[in-house]
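First up is the structure itself, then whatever we jot down about it.
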Protein chains: 2
Amino acid sequence: MPLPQLTQASAPLTREITATDEFGQPQAVQIPAERDLTVYVDKREIVTLMTLGAWPEGLVLGYLRNQRLVQSPDEVASIMVDWDVQAAAVQTRAGIADIEARTSRRVVTTGCGQGSVFGALMDDVGSIQLPPARLTQAQLYSIVNTIRLQESTYKSAGSVHACALFRGEEMLVFVEDVGRHNAIDTIAGWMWMHGTDTAQTDSNAPFVFYTTGRLTSEMVIKSAQMGVPLAVSRSGITQMGHQVAEQVGLCAIGRATHRRFLCYTHPERLAFEQPPSRAAPL
Amino acid sequence: MPLPQLTQASAPLTREITATDEFGQPQAVQIPAERDLTVYVDKREIVTLMTLGAWPEGLVLGYLRNQRLVQSPDEVASIMVDWDVQAAAVQTRAGIADIEARTSRRVVTTGCGQGSVFGALMDDVGSIQLPPARLTQAQLYSIVNTIRLQESTYKSAGSVHACALFRGEEMLVFVEDVGRHNAIDTIAGWMWMHGTDTAQTDSNAPFVFYTTGRLTSEMVIKSAQMGVPLAVSRSGITQMGHQVAEQVGLCAIGRATHRRFLCYTHPERLAFEQPPSRAAPL
């Protein structure tokens, strides 16, 4: 299957500015970059994404995937990003049928924490089948520790969200962006470029999606759509996220720091360690 | 000026679920509610908002305002929210001209951290005039402390963003929602319902916008559009947020916790205390 041709238009991820601290003194601080990138599909403008710019081609591919404008990476011939004109030019092999109707549908469902692609995504929930998976508590702790040790824009500049994809405790890709939706979309793009969707997975080393952000409905659905049966967050879960995770069989784990966590849904996908003996009340 | 008639359709903000902790034991935890609310303007569906549901009518009014679909609250006759059908029915007094074109424009600019209403908002930046304002460091500390003491869904359930509007150190309104854009939109709605936009302000007790989220371009622009000359966050700032704040003359303050903060832009709007004497090197 031919993969899309991609440019490699990354850009500086941070910028130094001078702020004034609480003593009225100047302080040099790093802040994350934030660029607007307008996406054209076959010369038709479809969206402007605000992004950190770490891997814009992967972001655009994942965006098209998660918006379900393309069904398979071989439908895309090339994605050419040019920061000089802040544009990503996507060329498809055979065009996108009904692109007008399919992008205008977003009007009612898109927004930031405001509907987003929720309507379209929810249509799919019934058909999602997640693979068998069982993660051990030791693997989970290893994932959390790997994230803790990861060098990141967050550590140097803050104000970004990170997502990562693991197979068992092995980190496959780590992505940061100014919006967590961009970060997960970039992971969706990465999975397509690396053929992981169709790869056989060992149920004892399942795919695990990690996010620093909350497990909202959209994050849970996107994770499930990518065939990833476990999602881990250092943050919590919202009611819709909980409901969707229950429904699709996704194991949602939150508040994961050091050796603590809460498994919100489908704990059968987690192999708990023998619980430490607790002093029983007399 | 007649204000819109509003229902009072609030709903429970949290829900108790049973999670499994790291010892494999069940734990009752509170999670924030998250509801989809489809907004109809004069019977035309325009968007589905995912919301905590604390003040849906204010959210819808502020959404229409920040999307610039209405220019003044008296253009809206009523907003009727009915959770049974998860709908907000907005009736305008005279209709919205070109609503079709104006909502379809969002296609290219809306998204979650993904363009959002950025394009449309940026058009306005040049015309924004913020009022004179000077906040003292003591007022800033008082604001941070008020937020710290505020009872909140965040404290009981986590996973929500809070915004608040202050006048000097007096908190006028505190709003939480699952998305920070919803929270600021609700504040925009509140300001319209309370006529604060047109109120005379004392430059020594200026309006201050507080957010738990990052100061992104969109948050800065929305704050400026509401005529609020200072924005405070416990989090940081992105490059676009920084650039827009510089440009519109907004004082952006981040990392505000206890008695620490960083003033990113326009420190002339902040009256620094006499700096404590520092031991000078010999």
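Values in this text are rule-based calculations from the coordinates and carry no lab data. Only a predicted model underlies this, so the values are computations on that prediction, with no experimental measurement involved. Here the Cβ positions follow ideal geometry from the backbone for every residue, glycine too, while neighbour counts run over all protein chains shown.
Please give the charge dipole size of chain B, origin at the Cα centre, charges +1 on K and R Cβ atoms and -1 on D and E Cβ atoms. Round to the nearest 20 debye.
Details: 23 positive and 28 negative charges, 157 e Å.
Approximately 760 debye in magnitude.
For the pair A:T136/B:S142, report the inter-label distance in nm, with labels modelled 7 Å from Cα in the Cβ direction.
Result for the modelled spin labels: 5.8 nm.
List, shortest first and in nm to one decimal, how far the label point of B:S10 (7 Å from Cα along Cα→Cβ) is from its counterparts in the other copies.
4.8
Step through the residues of segment B:157-163 one at a time and calculate ³J(HN,Hα) from phi using the Karplus curve (6.51 cos²θ - 1.76 cosθ + 1.60, θ = phi - 60°), rounding each to whole Hz and writing x for Gly and Pro.
10, x, 6, 10, 9, 10, 10
Quick one: dipole size for the protein assembly as shown, taken about the Cα centre, charges +1 on Lys/Arg Cβ and -1 on Asp/Glu Cβ, in debye to the nearest 20.
Working: 46 positive and 56 negative charges, 183 e Å.
Its charge dipole is roughly 880 debye.
Mind listing the long-range amide H neighbours of A:F261? Cut-off is under 5 Å, sequence gap 5 or more, other chains count too, H placed in the peptide plane at 1.01 Å from N.
Here the answer is B:E22, since their amide H atoms fall under 5 Å of that of A:F261.
Ratio of alpha-carbon Rg to the 2.2 N^0.38 Å globular estimate for segment B:2-107, to two decimals, please. Show your work: numbers first, answer last.
On the way: Rg = 17.4 Å, N = 106, 2.2 N^0.38 = 12.9 Å.
Taking the Cα Rg and dividing by 2.2 N^0.38 Å, one obtains 1.35.
Output the peptides B:174-181, A:125-132, B:80-87 sorted from most to least packed, where packing is the average of other Cβ atoms within 10 Å over each peptide's residues. Write out the running numbers ahead of the final one.
Numbers: B:174-181: 25.9, A:125-132: 12.5, B:80-87: 14.2.
Those peptides, ordered most packed to least, come out B:174-181, B:80-87, A:125-132.
Under the rule of -39500 (n - 2.57) per DSSP H run of 4 or more residues, summed and divided by the residues of the protein assembly as shown, what mean residue ellipticity at 222 nm is obtained, to the nearest 500 deg cm²/dmol? Spell out each step's value before the answer.
Values: 18 runs with 160 residues, N = 564.
Helix-only estimate at 222 nm: -8000 deg cm²/dmol.
What does the highest-first list of A:144-156, B:248-260 look like by mean Cβ count within 10 Å? Don't jump to the answer; show the numbers that get you there.
Details: A:144-156: 14.3, B:248-260: 19.9.
In descending order of packing, they fall as B:248-260, A:144-156.
Mind listing the label-point distances from A:D202 to the same position on all other copies, shortest first, one decimal in nm, points 7 Å along Cα→Cβ?
When each copy's label point is compared with this one, the spacings are 7.0 nm.
Name the long-range amide H neighbours of A:I237: under 5 Å, sequence gap of 5 or more, or other chain; modelled H, no Pro or chain starts.
Answer set, sorted by chain and number: A:L215.
Give me the extension gain from B:Y154 to B:Q129: residue separation times 0.36 nm, minus the current Cα-Cα distance, reported in nm with one decimal. All intermediate terms of the calculation are to be shown ahead of the outcome.
On the way: separation 25, 0.36 × 25 = 9.00 nm, distance 3.39 nm.
Full extension from B:Y154 to B:Q129 adds 5.6 nm.
Just checking the output field for A:249-257: average partner chain Cβ neighbours within 10 Å of each residue's Cβ?
Rounded to a whole number, the mean comes out at 2.
Let me know the charge dipole size of segment B:159-223 about its Cα centre in debye, to the nearest 20, where only the beta-carbon of Lys, Arg (+1) and Asp, Glu (-1) is charged. Numbers along the way, then the final one.
Numbers: 4 positive and 8 negative charges, 33 e Å.
Once rounded to the nearest 20, the dipole reads 160 debye.
Binning at 10 Å from 0, report for chain A what percent of all alpha-carbon pair distances ends up in each bin.
Spelled out bin by bin, chain A gives 6, 27, 33, 22, 8, 2, 1, 0 percent.
Work out the mean other chain Cβ neighbour count within 10 Å for the residues of A:216-222 and drop it here as an integer. It would help to have the intermediate numbers written out before the result.
On the way: counts 6, 4, 2, 0, 0, 0, 0.
Mean number of neighbouring Cβ atoms from other chains: 2.
Averaged across the residues of B:29-38, what count of C-beta atoms belonging to other chains lies within 10 Å of each residue's C-beta? Write out the running numbers ahead of the final one.
Details: counts 6, 1, 12, 8, 3, 11, 2, 7, 2, 4.
Taking all residues of B:29-38 together, the mean is 6.
How about segment A:201-246: which trypsin sites (Lys or Arg not before Pro) there are in a DSSP loop, with at most 11 other Cβ atoms within 10 Å of their Cβ?
Details: sites: A:R214, A:K222, A:R234; in loops: A:R214, A:R234.
Sparse-neighbourhood loop trypsin sites (Lys or Arg not before Pro): none present.
Roughly how many whole Å is it from the C-alpha centroid of segment A:215-238 to that of segment A:186-212?
Measuring centre to centre over Cα atoms gives 13 Å.
Starting at the first residue of segment B:76-92, write each ³J(HN,Hα) from the Karplus equation 6.51 cos²θ - 1.76 cosθ + 1.60 with θ = phi - 60°, in whole Hz, x for Gly and Pro.
Rounded to whole hertz, the list is 9, 7, 7, 10, 10, 9, 10, 5, 4, 10, 6, 9, 10, 9, 9, 10, 9.
To make sure I understand the rule: partners must be lysines, Cα under 20 Å from the Cα of B:K222, and not fewer than 8 residues away in the same chain. Which ones qualify?
Candidates past the 8-residue exclusion: nothing left.
Residues in segment B:22-55, backbone N under 11 Å from the label point at B:E75 (7 Å along the Cα-to-beta-carbon vector): list them, ranges by number please.
Hits in segment B:22-55 for B:E75 at 11 Å: none.
7 Å from Cα along Cα→Cβ at both A:L172 and B:D202: what's the point-to-point distance in nm?
6.1 nm
Using a Cα-Cα cut-off of under 20 Å, which aspartates and glutamates could be cross-linked to A:K43, ignoring same-chain neighbours fewer than 8 residues away?
A:E57, A:D74, A:E75, A:D82, A:D84, A:D98, A:E100
Do any trypsin sites (Lys or Arg not before Pro) in segment B:23-90 lie in a DSSP loop with no more than 10 other beta carbon atoms within 10 Å, and if so, which?
Values: sites: B:R35, B:K43, B:R44, B:R65, B:R68; in loops: B:K43, B:R68.
Those satisfying the criteria are B:K43.
What's the FRET efficiency of A:E268 with B:D82 using the Cβ-Cβ distance as r and R₀ = 45 Å, to the nearest 0.05?
Values: r = 38 Å, r/R0 = 0.85.
So the FRET efficiency works out to roughly 0.75.
For segment A:135-271, count the residues as N, evaluate 2.2 N^0.38 Å, and divide the Cα radius of gyration by that value, please. Spell out each step's value before the answer.
On the way: Rg = 13.4 Å, N = 137, 2.2 N^0.38 = 14.3 Å.
Here the answer is 0.94, to two decimals.
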